1. Report, ordered by the first and then the second residue, all pairs with beta carbons closer than 7 Å, sequence separation of six or more or different chains, a first member in region 7-27 that is within 12 Å of residue 60 (Cβ to Cβ), and a second member that is among the aromatic types (Phe, Trp, Tyr).
Amino acid sequence: MGITCHCIDNYIKLIIYAILYLWTHPQVMKQWGKFCKLNGMRAKRFAHDVRTRWNSTYKLLLSTFEYKDLLCGFFWPSCSIF
């Protein structure tokens, strides 16, 4: 059985909501910066997903790709998808 589009869409929505949460909560953004520093990475502000822009989801995913393990550890500490 392969991964369905619906399943992929659910993962993408999780990433979109996580980045939106970072952008809209300054205290969480500070915690993200500390978390990145502890893990030897520079904190980064990721691209936004904008429904009216055809490539904004792509840009968001591209900007988060390098940080996928950190994002997973920060938002879902027990996750092991990646």
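1. 18/75; 19/46; 22/32
Yes/no matrix, rows are residues, columns are (1) surrounded by 12 or more Cβ atoms within 10 Å (Cβ to Cβ); (2) at pLDDT 90 or above; (3) among the aromatic types (Phe, Trp, Tyr):
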site: 4; (1), (2), (3): no, no, no
site: 7; (1), (2), (3): no, no, no
site: 16; (1), (2), (3): yes, yes, no
site: 19; (1), (2), (3): yes, yes, no
site: 28; (1), (2), (3): yes, yes, no
site: 35; (1), (2), (3): yes, yes, yes
site: 43; (1), (2), (3): yes, yes, no
site: 48; (1), (2), (3): yes, no, no
site: 51; (1), (2), (3): no, no, no
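The values are calculated or read from the model by the stated rules, or taken from the named source; none is laboratory data. Everything quoted here is computed from the prediction, not taken from an experiment. Heads up, the Cβs are rebuilt from the backbone with ideal geometry, glycines too, and the neighbour counts pull from every protein chain shown.
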